[in-house]
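Here's the structure we're looking at; comments come further down.
The values are calculated or read from the model by the stated rules, or taken from the named source; none is laboratory data. Keep in mind that what you see is a predicted model, and the values were worked out from it rather than measured. No Cβ is skipped: glycine too gets one built from the backbone with ideal geometry, and neighbour counts run over all protein chains shown. Quick note on the areas: whole protein, heavy atoms, side chains included, nothing else; ligands and nucleic acids left out. Shrake-Rupley method; radii C 1.70, N 1.55, O 1.52, S 1.80 Å.
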Amino acid sequence: MAGHVIEVKDLVKRYGDLKAVDGTNFHVDKGEVFSILGPNGAGKTTTVEIMECLRKPTSGTINVLGFDVAKEAREIRKKVGILPQEFNTYDLLTVRENIDYFGAMFDRRIPTQELLDAVNLNEKEDVFYKNLSGGLKQRVGVAIAMVNDPEIIFLDEPTTGLDPKARREVWDIIRDLKKRGKTVILTTHYMEEAEILSDRLAIMNDGKFIAYDTPRAIIKEHGYGTLCVIKSGSRAVADMLKAQGLNCELKENDVHCWMQNKADLQIIFRQLESSGAYYDEVLVKRSSLEDVFLRLTGRHLVEEV
Amino acid sequence: MKIDRILVDLKVTGKMFIRNKGAVFWTFAFPVLLILIFGAIFSGMNDATYTLYVQDNDPGLYSDKFIAGLEESGVLEIEMVDSDANVTKYIKDNSVTSFLVIPANFTANVSNGTQVAYVELLQDQTQQSSSVVSSVVNAVVNNFNNVLSGSVEHISVDSGAIVENNLSYIDLFLPGIIGLTAMTNCVFYMQGVQSRYYSTGIFRKLSTTPFTRFEWLLSRALWQIALVFMSVISIIVVGMLFFDVHLTITIEAILMIIAGCLVFTGLGMIISRFSKDEESANAAASVITFPMMFLSGSFFALESMPSYLQTIAKVMPLTYMNEGLRDTMIYGNAESALFNLGVLAILAVVFMAIGTYISKWTED
């Protein structure tokens, strides 16, 4: 189909008896940020490493930029950029030397200075890689992934282990890549990251895609809608709101009401005001990907940093 | 294959090596320390002396002549012990290994010629020097007997060197140190760097580029050859400056070093492929190189080893490198050198092919 830079059909990857990827089907459009979200061991990295030609599929058809990964890995490598999981490079080379080194491996390359500008590493260009912080190392990795001016950039868990500030800096770079017209394939186990950055995403669990669409559409389809939490509300409050036709229940010390539309919120405030019932505060929460994951699998995705 | 990529990797490898001061120091210090240690040991072998404690209880003339004969041997250093000293106690208190007692009747017995004049040689037989001291004392006794009996010398030994250029022991051992350096450098470098790059993910990153495994392996093998040649130069320079070594650098020797480097680089690749991590690869490399270090003739001549160990040595690549280097650098035996070079060349092709074929950058 026109516009698809990656097409994956019936992808299966087995390690002995373990099915790491279990019949996934998806495509990636040109210029989009496509994320694969899931817990450790879900099969995300195996899936992207097959697209990157680093692993061989057990079965299935994988087409990247019109090339078959099983037969045309050499052509694919020239046109894609890859930041592998737990990226590492030469400790005793400077940032600039590392980028130069990897640039020299390709026929087509972007000037090192342009890459240093792109990932904002000008001030660190003469620092040995070993002396960089985790966030700066990832930025070097992204610069190296861009060195051959690729059409598709794979970023495999680029923010794992980074502090919140460094994570946000990597997010800015990913947004910039999208602005440059690059297609970005991102794997992550941070639902916030996937939700903020992705045009479309797939949620993966036990080797299978359990949801696959835009973040908004996934949340709409699999989320609980909008939740109103009345902190320190009582059973009397819950019963009062139920009597108004709302879907409410007492959970621990709070009253949880799942709202169908905005009018439900007006009813809640009106009832609270007229009854004079005691409560601490009212919170309104939209469903998140974490809630979707919890709902679909019965377990949490990951503890957030 | 792209030469440009190999040259870029070679340049970067050299740059990283220079920046790793510990690696630079040990790469050159190890062979230089070996040559200094062996040089010090072997250069002193020709003029070694052994101490002989002598208690002269004889007031006569012949005991003095006998002692003078021992001193003239040039091998023994004579330490005189008082005649009233208790021999057993003296030996114990002074950790003496060779003690000669000349009895009070020595001159009298020699003079009247009717009775044998005994001297008593007490020795710690566990000491290697005991046989040397015993031989010297016996030689002086024989000489004394010949002079006293007025016999004519019928047989004499005219000593001459087998090798050319007036070579010393250190010259013979230097090729062994070159072989040893090539082995340790190449095996430990290759297993170390392969295991490290695999575990740290550098291979994973390299595998995302058009740079191939063969290009990378070729670059690192070339680097090891260059590094070993630098070590060899430092070994020869130190040998010449401190121990006056005499070596002939031949084209066969150069080819032998290149072939040896490829053999041991291939061996390093194979070791790292079958090891779980860097630590186990390092241990495996030690297990394989240590026997070769001692059984391939680097430190000891193969002829001095039991026959079964000599058979084991025949299956060790380092044996052919050591033998070949000695053939061409010391003995000038081109035919034997070419045989050893041929064996090394075949092993180099086999080891590099296996190493390249089985090495991997990513999981399946």
For A:Ile36, which sequence-distant residues (separation of 5 or more, or a different chain) have an amide H within less than 5 Å of its own amide H, given hydrogens modelled in the peptide plane? A:Leu186, A:Thr187, A:Thr188, A:Ala202
With θ set to phi - 60°, apply the Karplus curve 6.51 cos²θ - 1.76 cosθ + 1.60 along region B:208-222 and write out the HN-Hα couplings as whole Hz, x wherever there is a Gly or Pro. 8, 10, x, 4, 9, 4, 5, 4, 5, 5, 5, 4, 6, 5, 4
Using protein heavy atoms only (no ligands, DNA or RNA), what is the total accessible area buried between A and B, 1.4 Å probe, nearest 100 Å²? 2400
Cross-link reach list, lysines versus A:Lys13, counting only Cα pairs under 18 Å and skipping chain neighbours closer than eight places: A:Lys44, A:Lys56, A:Lys71, A:Lys208
Considering amide H positions built from the backbone, and no H for Pro or chain starts, which residues 5 or more places from A:Ile82, or on another chain, come under 5 Å of its amide H? A:Phe154
Cα lying deepest toward the dipole's positive end in the protein assembly as shown, options A:Gly103, B:Cys186, B:Met230, charges on Cβ: A:Gly103
Förster radius 22 Å - calculated FRET efficiency between A:Glu114 and B:Asp4, Cβ distance, rounded to 0.05: 0.55
Cross-link list B:Lys11/B:Lys205; A:Lys78/A:Lys178; A:Lys285/B:Lys205; A:Lys30/B:Lys360: which exceed 30 angstrom alpha carbon to alpha carbon? A:Lys285/B:Lys205; A:Lys30/B:Lys360
Sequence neighbours fewer than 8 away in the same chain don't count; with that in mind, list the aspartates and glutamates whose C-alpha is under 15 Å from B:Lys15. A:Asp91, A:Glu97, A:Asp100, A:Asp126
Where both partners of a DSSP beta bridge lie in the protein assembly as shown, what percent of those bridges are antiparallel, to the nearest 5? 60
Using Cα pairs closer than 8 Å and at least 6 residues apart in sequence, work out the relative contact order for chain B, in percent. 20
Return the FRET efficiency for the residue pair B:Asn94, B:Leu241: r is the Cβ-Cβ distance, R0 is 60 Å, and the value is rounded to the nearest 0.05. 0.95
Mean separation of Cα contacts under 8 Å (at least 6 apart) over the residue count of region A:2-103, i.e. the relative contact order in percent, is 26
C-alpha long axis of helix B:317-326 to longest principal axis of chain B, angle in °: 60
Pairwise centroid distance, computed over Cα atoms, of region A:237-294 with region B:325-353, Å: 87
Compare the Cα positions of B:Gly113, A:Gln260, B:Thr289 along the charge dipole of the protein assembly as shown (+1 at Cβ of Lys, Arg; -1 at Cβ of Asp, Glu; about the Cα centre) and return the one farthest towards the positive end. A:Gln260
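Based on the Kirkwood radius over alpha-carbon pairs, what value in µm²/s does the Stokes-Einstein equation return for the translational diffusion coefficient of region B:50-149 at 10 °C and 1.306 mPa s?
115
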Rounded FRET efficiency, nearest 0.05, which uses the C-beta distance separating B:Glu303 from B:Ala139 and R0 of 41 Å: 0.95
Which is the longest stretch in chain A that no exposed loop site breaks, taking sites as trypsin sites (Lys or Arg not before Pro) with a DSSP loop state and at most 13 other Cβ atoms within 10 Å? A:181-298
Calculate the length of the line joining the C-alpha centroid of region A:171-192 to that of region B:79-137, in whole Å. 92
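Leaving ligands, DNA and RNA out of it, report the carbon-plus-sulfur percent of the accessible area of region A:225-286 at a 1.4 Å probe. Walk me through the intermediate numbers first.
Values: 1780 of 3880 Å².
After summing per-atom areas, the C and S share lands at 46 percent.
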Counting only protein heavy atoms with a 1.4 Å probe and every protein chain in place, the carbon and sulfur fraction of the accessible surface of chain B in whole percent equals 60
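Quote the relative contact order of chain A in percent (integer), defining contacts as alpha-carbon pairs under 8 Å separated by 6+ residues.
19
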Calculated [θ] (222 nm, deg cm²/dmol) that DSSP helices of n ≥ 4 give over the protein assembly as shown, each run adding -39,500 (n - 2.57): -16500 deg cm²/dmol
Using modelled amide H (1.01 Å from N, peptide plane; none on Pro or chain starts), what sits under 5 Å from the amide H of B:Ser359, excluding residues fewer than 5 places away? none
Just to check I understand the Karplus step: with θ = phi - 60° and J = 6.51 cos²θ - 1.76 cosθ + 1.60, what whole-Hz values come out for region B:246-261, glycine and proline as x? 10, 10, 10, 7, 10, 5, 5, 5, 5, 5, 5, 5, 5, 4, x, 4
Within the accessible area of region A:4-221 (1.4 Å probe), percent carbon and sulfur: 44
Starting at the first residue of region A:11-19, write each ³J(HN,Hα) from the Karplus equation 6.51 cos²θ - 1.76 cosθ + 1.60 with θ = phi - 60°, in whole Hz, x for Gly and Pro. 6, 10, 9, 10, 10, x, 7, 7, 9
Chymotrypsin sites (Phe, Trp or Tyr not before Pro) within region B:307-336, DSSP loop, no more than 14 other Cβ atoms inside 10 Å: none
